Each structure stands twice: as C-alpha cells, then as structure tokens.
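Read the structure below first, then the notes.
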Amino acid sequence: MKKVVILGTGTMAIGIAAGFISSGHAVILLGRNTERAHAAVPEIKKLVDDLQGGSTGKNFIQVGSIDEWSDWSNVVLIIETVTENLALKQTIFASLDQRVPEHIPIGSNSSGFPISQISHDLATAHRMFNMHYFMPAHVVPLVEVVLGQASDPNLAKEVCALFEAADKKPVLVRQDIPGFLANRIQHALMREALSLVNDGIASPEDVDTAVRYSFGFRYAAVGPMTQKEISGWEGMAIAAKEIYPSLSNRTEIPECLQKILVEKKFGIKSKEGFRTWSEQEANEMKQKYEKRLKAAFDVLQIEPD
C-alpha cells in the first residue's frame, strides 16, 4: 500500500490524513510529541468514518516522532503541517533533506512562508514544494502545488497526479508569490467586501447574501474564467471600464476590521466578530458550514469539467 507521511498533529494534519486514508492510502503521522500523534488517531478515524461510513482499521495509521522516524518504504509523499514558524520549518526540512530518499517529494502546507525560503540552500530543494490545503482539509478538494525557485516542474506534475489519485483537485502554481493562487483571489474579494462594509455601503450580512446567491452560486458550477466564456468577455470588459477605477486599492486593512481586532473580536472562536455568537449559534453554523461544503462537493463530482 502506498504511504503518505504527514508531519504535525493539528487540525490540518488530521484532515489531510483522513483524506488520504479515505482514498485508499496508508498514513504515517509524525509529531514532535508522540503522545499527541497517538491522541490524533481517533480524530482521524472519526473523519474517515464521516467521509466513507466505515471503520478505518488501525493498519491504515502509524504514528511516530518527526525526529526519529526512519522507515521510508513505500512512501510516495511527505507533507509538513507544523505551526507557522519559519525557523522550525527550516530545521525540519534540513533534517528531511538528509534523511529522506531523494525520489520522495516533500511539501509544506504553509500558506505564509514560500518553499524557496523553507528549502533555501538545501541539496534536494528540487523535490520540495508548497502543498497548500484549505480548511477543512478532508472536505475542500483544492490543493495548491507551488514551485519554489529550485523546484522541479516535472516532479510537480507527478505530485499533482498523486493528489488526483487521492481524489483532490490540484492546481500547479508556477511561482511562489505571496498568497499563491486561491488566497490572492480570495483576498482581492475580501478587500473589496471589507471596504464596502467600512464605507457604510452594505452590511456584512448583505455582502454574504450578495456573494452566496449571485456569482458565488455560479462559481459552484464553473470558475470565473469559464463563466465569462459563457456570458461573453465583451460585456465584462465594458463593465470593467466603469467599475475598475472605483475598486478598493487599499494596502492596509480597513478601519472596521482594525477596530474589531483591537477589541479581540476574532469571530466564532471569541464569540464575537462583526456580530455576536452564542454557543448554540456557533455550533449550528459550524455544522451548517460543513454540511453545505459536503453537498457542494457532491455536486462537483457529478461530472468532470
């Protein structure tokens, strides 16, 4: 059985592990704390049960220590998911550079640090990439495979094929620019959304409604490029001439967001963001969110693009 090694024991690691197991791979979960790695196994099995409705069996998961593991037999991929600390990631990658057979690709799930920094000056940096998932990792299909300055583009295509075999939707990002691909598009939207709220043009609730029930609704069927192929680029170009000059070009977050951050209103985790959340409301929204994501995933599987 093909094996995937996952470094880390947090939420992303647990979701990534569940995704690989549900697609028929074995997982080796390595933690800096071996006890935490053992504790994560029931969480992984629960997610797998949710995905495929059956018991995973212990044989699908091995656990161990990041620093001590040495069995790389049948391993096809290694993904690092530890906390966002550049020095820590660099230390781990430097160790993997020496210990892991050179044919095995190594990725970082980091969304903040480019692989060129993480793998700087390493002898096998050609087999190292950002492999960026989106939360919840066991449900959201996308994985960004991002080339660093030394990364091998041909090996990146093989990595994309591995993700496809694991029922994910990989995209190849040919340069490790900040935010990669999806987050750049997402932040462009969020900058405009926050500016509209900040300037009193729309409420947060109306922004959500506008996105969910217009272009967000369409994007569940096709992406923005294909949608404009359908509707016609000439109409988009005419509208762009009117709209583009008035779009937000802020380089700092707007005052409305600065204010709630200063007040430590971080959203559901602190029970208040742009709105307040009771414990019941928070739990219900989280359940709705995952249920809707799973429904959207089912729709996306109806037919290939």
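Quick look at the numbers
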| read-out | value |
| --- | --- |
| Rg(Cα) / (2.2 N^0.38 Å) computed for segment 17-129, rounded to two decimals | 1.10 |
| Approximate spin-label separation residue 70-residue 283, in nm, with each point projected 7 Å along Cα-to-Cβ | 4.8 nm |
| Packing rank of 89-101, 235-247, 216-228, 142-154, where each peptide gets the mean count of other beta carbons within 10 Å, highest leading | 142-154, 89-101, 216-228, 235-247 |
| Segment 214-283: relative contact order as a whole-number percent, Cα under 8 Å and 6+ apart | 12 percent |
| Dipole axis of the chain (+1 Lys, Arg; -1 Asp, Glu on Cβ), positive-most option in 17, 104, 251 | 17 |
| For 140, 48, order by how many other beta-carbon atoms lie within 10 Å, fewest first | 140, 48 |
| With Cα atoms, 0 to 90° folded angle of helix 153-165 axis to the chain main axis | 90 degrees |
| Segment 96-168: radius of gyration and largest Cα-Cα distance (Dmax), Å | 12.1, 35 |
| Helix 11-22 vs. the chain, principal-axis angle (Cα, 0 to 90°, nearest 10) | 70 degrees |
| Student exercise, segment 181-253 dipole from Lys, Arg, Asp, Glu Cβ charges, in Debye to nearest 20 | 240 debye |
| Long-range amide H partners of residue 169 with built H, under 5 Å | 142, 143 |
| Volume per residue that the Cα convex hull of segment 263-305 spans, once the total is divided by residue count, Å³ | 82 Å³ |
| Amide proton proximity set for residue 80, modelled H, under 5 Å, gap of 5+ | 7, 107, 108, 109 |
| Check: the chain dipole with +1 on Lys, Arg Cβ and -1 on Asp, Glu Cβ, in debye | 300 debye |
| Percent of C-alpha pairs per 10 Å bin, the chain, short to long | 5, 23, 31, 26, 13, 2, 0 |
| Rg/Rh ratio calculated on Cα atoms of segment 181-253 (Kirkwood radius) | 0.97 |
| Debye log10 I(q)/I(0) for segment 160-305, one point scatterer per Cα, at q = 0.20 Å⁻¹ | -1.52 |
| Cα-Cα over 27 Å, subset of 168/228; 45/168; 271/291; 169/269; 45/288; 46/265 | 169/269; 46/265 |
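Read the figures in this text as sums done on the coordinates, not as results from a lab. Just so you know, these numbers come straight off a predicted model, no measurement behind them. Here the Cβ is made from the backbone with ideal geometry for all residues, glycine too, and neighbour counts use every protein chain on show.
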